[in-house]
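Structure first, commentary second.
The values are calculated or read from the model by the stated rules, or taken from the named source; none is laboratory data. Since the structure is predicted, the reported quantities are computational estimates derived from the model, not experimental observations. For neighbour counting, all protein chains shown are included, and Cβ atoms are generated from backbone atoms with ideal geometry for every residue, glycine included. For accessibility, only protein heavy atoms count, side chains too; no ligands or nucleic acids. Shrake-Rupley method; radii C 1.70, N 1.55, O 1.52, S 1.80 Å.
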Amino acid sequence: MFKFVALIPARKGSKGIKNKNLKKINGYSLVELAVRVAIKSKIFKKIILSTGSNTIIKSVSKYGIIT
């Protein structure tokens, strides 16, 4: 069986939509949705979030992923 790693990039700044990774969609931020989908898929051995924002890290800390 293959072992996949998910890498979720989440930039702190954005030129188009300010703080787009923290905007809520159906009660979850864009980053949270990406993490939840990766977890739900059950195909990833590890899920890694790459970001420079402490706010983004705090918003997904409850999911127990690597930051």
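Going by average Cβ neighbours within 10 Å, how do the peptides 20-27, 49-56 rank, with the highest at the top? Don't jump to the answer; show the numbers that get you there.
Values: 20-27: 12.5, 49-56: 15.6.
Descending packing order for the listed peptides: 49-56, 20-27.
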Heavy-atom accessible area per residue - the chain, 1.4 Å, Å²: 77 Å²
Linear extension gain, Arg36 paired with Lys3, 0.36 nm per residue minus alpha-carbon span: 10.0 nm
The chain: calculated mean residue ellipticity at 222 nm from DSSP helix runs of at least 4, using -39500 (n - 2.57): -8000 deg cm²/dmol
Other-chain or far-sequence residues with amide H under 5 Å of Ser29's (modelled H): none
Over the chain, relative contact order from alpha-carbon pairs under 8 Å, at least 6 apart, %: 41 percent
Net +/- balance of residues flanking Lys3 in space, Cβ distance below 15 Å, scoring K and R +1, D and E -1: +3
Long-range amide H partners of Leu49 with built H, under 5 Å: Ile8, Ile66, Thr67
Zone of Asn19's modelled label, taken as backbone nitrogen in the stretch 53-67 under 12 Å from a point 7 Å along Cα→Cβ: 55-56
Whole-Å semi-axes of the stretch 13-67's equivalent ellipsoid (Cα gyration tensor): 20, 13, 10
Degrees, to the nearest 10: 30-41 long Cα axis against longest axis of the chain: 10 degrees
